[in-house]
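What follows draws every value from the coordinates through simple rules; no lab data is involved. Here the structure is a predicted model, which means the values were calculated and not measured. A quick note on method: Cβ atoms are made from the backbone with ideal geometry, for glycine too, and the neighbour counts reach across all protein chains shown.
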Amino acid sequence: MTEGVIDSHKRVPLPLDTNPTSYYSAPVDDLQEQKMPSIEILNTDELAEMLNVVPRTIIRWRVARTGPPWVKAGRRVLYRRKDVDAWMEKNLVNPVGEA
C-alpha cells in the first residue's frame, strides 16, 4: 500500500474495555424509547383472512377502488389497520328497525 493512501476497507477492532453505549449520542435505553410508534400493517392475504374473503376479492376491490385505502411500497400493496377499520365503519349498514 502506498504511504498516505487510506485503505477504507480495513477494519479496526474496538478496544475490549470500550462501552458500546459511548458510541451513541444517547444511552441505549433512551434509543429504545425513541422508536416509532407501532402501526399495524396488513398485506393482501392477511386482510383477506381478517375479512374472511379470498385474496382475489381484495384485489377486485382495489381495482374497482371500492375497498379500503392501500399503500404501495415498491411492488408490495399494504393496508394500514386504522384505514381498514375506518373503511369498515364507513361501509357499516344498520338494519332498519321495525316500527
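Can you tell me the FRET efficiency between I59 and M88 if r is taken as the Cβ-Cβ distance and R0 is 25 Å, rounded to the nearest 0.05? Could the numbers behind the result be given before it?
On the way: r = 18 Å, r/R0 = 0.72.
It comes to 0.90.
Using the Cα centre as the reference, give the magnitude of the dipole from point charges on the C-beta atoms of the range 41-90 (Lys, Arg: +1; Asp, Glu: -1; all else neutral), rounded to the nearest 20 debye. List each step's numbers first, then the result.
Details: 11 positive and 6 negative charges, 65 e Å.
Once rounded to the nearest 20, the dipole reads 320 debye.
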With 5 Å bins from zero, work out the P(r) of the range 41-90 over every alpha carbon pair and list the percent per bin.
5, 22, 35, 31, 6, 1
Given an 8 Å cut-off on Cα distances and at least 6 residues of separation, report the relative contact order of the range 41-90 as a percent.
37 percent
Determine the gain in length on full extension of the stretch A73-N52; use 0.36 nm per residue of separation and subtract their C-alpha separation, reporting nm with one decimal.
5.1 nm
